[in-house]
Structures are given as C-alpha cells and as structure tokens.
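Read-outs throughout are calculated quantities, based only on the coordinates presented, and are distinct from any laboratory measurement. All values reported here derive from a predicted model rather than from experimental measurement. Cβ coordinates were reconstructed from backbone atoms using ideal geometry, including for glycine residues, and neighbour counts include every protein chain displayed.
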Amino acid sequence: MWLNASCTLEFQIPAPTPFVMMLRPRSGTQQWIAKEEYMLSPSVPAVEFTDSFGNLCQRLIAPTGFFSVHTSVAIETADFSDVAPGAPFVEVQQLPDETLPFLLPSRYCDSDRFFDMAASMTMDQTLGYDQCAAIVEYIRSAVEYRPGQGQQVISASEVNEQGYGVCRDLAHLGIACCRALSIPARMVVGYLEGLEPMDLHAWFEAYVGNRWYTFDPTQTNLEGGRVAIAFGRDAADVAIYSQFGNPVNLLNMEVSVERVPSPN
C-alpha cells in the first residue's frame, strides 16, 4: 500500500537551544520512500548523521521564539507485518553481531529481572517466535493500554507493577521479557495507519528465524501499514527530538497517516 505520513512539531524556544531530531524514515525491506519533505521554520542550518543503530538524525540550533518542524513522506509499505509461527530460536552463538546489543538490559528494559516471569508465561511454547507471541498475549491480558497517559518514561518493571501504560511502556515490557529468554528485541517508533487516537506509535521487533519480526502488544492484529522511523534498545534511543540545556515548550504535535492510491 501507499501512505502519506506527516508529523508537525511546534515549539516556543526561550533561548537558542541545540536539538537532535530523529524524524526521517529510511527505505528498507518493508518500506520504500518515494518522496520526502523536511521543513524548519524559521529556516536554520542542520547537519545530518547516522547513529549507531542506523537512524537518520538531524542536529540544529533552534532560535529564540516560535519554531516548527514539519516532515512528510510518501512511502510504499506492506499491507500487514509478516508473521511466522514456529520460526525457531537462534542460539546466541549463532546470532549476527549487530543483534547482540539487543540481548542486554538497558535503561528502560531491565530484562535481568524477568527471567522467571518470561519462562513461566512461555513454558509450553516452541522456542522462538511462539515464545514472543505468548509474551504479547500475556501483556494484552495483564496490562491495560491507555494511550495519551504516559508523559513520564518508566521501566518495564514499573510497567508490570503499575498494570497500565502507553504503547512505549507495553513495548518495553515485551522487549524485557524477550531479552530475558535470550531473544534479541528492539524498540521501534514510527507511523501506523489507522491508529486511534492518531499519534506516533511504538512497538517492538524480535530476532527469531534469522530475521526481525514485528510484535505489537497494543494492537489485536498486525494489519495496517507501518512506517518505521527509528530503532533502538529502548525509548532513550528513539526520541523523535532531544533538546539540550534550555527547557522548551512543545506547543503542538500533529501526526497524520493516510492511505493513498498508487502513483502508478
């Protein structure tokens, strides 16, 4: 399918403030970018770099006063994410080097605390994809999804204790449980067609069957076009913007995802 996806951020800046933005998706196996727009108002110089996870990042200094960032992309993506029940567990010694950071505990995915819990909820499952699917089903039944109610980023342990959270929180819990079973898992932030309420979305991917597969504890199925913007160990790695020094006021954030006819 073809999608038009966009994100607009509007700030009030008290003094010149350094930013790192992470708003540009890349073409990959599940998505192909046909056209892209990135506008800063007022216009300021920006420098782009690629971080250690392959994400496109932009460095800039936002000027005092009103400042906005608008990005949009026309992109071809799959109608639904691949599923692979029975895809096997990959032994750690056979994993590609680039997956190894996603086995370790991280700031918000304290996987070293979840072995017993993860082992219990997956004890009757085939090692690999089916374990990840069982983890997602547990989260859906045990943790209430409350979109729009998660300003403070919390750890997987805190989410499990709290019993509710936003998409980011439920993804953290899924990641922690997968890593506890020696399955690499990473956070994804991006767009999802049909998301209600519309916003940027977070889910996770797990490495089984020698590739990454999508898992989303907040959605009942994997239908709808997904556009991955950023990948990382947890939310600390995939913030769509980070400012340094001065506190800034985010006045407005608007996200849109629309299915459109094929340009052909």
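Helix-derived [θ] at 222 nm for the chain: sum -39500 (n - 2.57) over DSSP H runs of at least 4, divide by residue count, nearest 500?
That calculation yields -4500 deg cm²/dmol at 222 nm.
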Expected sort for His201, His70, His172 with the fewest Cβ neighbours (10 Å cutoff) up front is His70, His201, His172
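How much net charge surrounds Met253 when only other residues with a Cβ under 9 Å from its Cβ are counted (Lys, Arg +1; Asp, Glu -1)?
Values: positive: none; negative: Glu10, Asp199, Glu254.
Around Met253, the surrounding residues sum to -3.
Provide Cys178, Cys57, Cys167, Cys7 in ascending order of the number of other Cβ atoms located within 10 Å of each residue's Cβ, fewest first.
Numbers: Cys178 30, Cys57 17, Cys167 24, Cys7 20.
The fewest-first ordering by Cβ neighbours comes to Cys57, Cys7, Cys167, Cys178.
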Expressed in angstrom and rounded, the centroid-to-centroid distance over alpha carbons for region 193-264 and region 1-62 is 14 Å
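Ranking Trp32, Trp203 by Cβ neighbours within 10 Å, fewest first, what do you get?
Trp32, Trp203
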Spelling it out for Val208: with amide H atoms placed in the peptide plane at 1.01 Å from N, the residues 5 or more places away or on another chain with amide H under 5 Å from its amide H are Tyr213
Computed over the chain: longest principal axis from alpha-carbon atoms vs helix 167-180 long axis, angle to nearest 10 degrees, is 40 degrees
Helix 129-142: inclination vs the chain longest Cα principal axis, degrees, rounded to 10, gives 70 degrees
Descending packing, highest mean Cβ count within 10 Å first, for 83-96, 110-123, 36-49 is 110-123, 83-96, 36-49
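Starting from the Cα gyration tensor of region 152-243, take the square roots of the eigenvalues, sort them a ≥ b ≥ c, and report rounded, prolate or oblate (rounded when a/c is under 1.5, otherwise prolate if a/b is larger than b/c, else oblate). Show your work: numbers first, answer last.
Numbers: a/c = 1.30, a/b = 1.06, b/c = 1.23.
Rounded shape, in that the Cα axes give a/c under 1.5.
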Interchain or sequence-distant (5+) residues whose placed amide H lies within less than 5 Å of the amide H of Phe66 are Ile13
Taking N as the number of residues in the chain, the ratio of its alpha carbon radius of gyration to 2.2 N^0.38 Å works out to 1.02
Non-local residues with an amide H under 5 Å from the amide H of Arg146, with H modelled 1.01 Å from N and Pro and chain starts lacking one, are Gly165, Val166
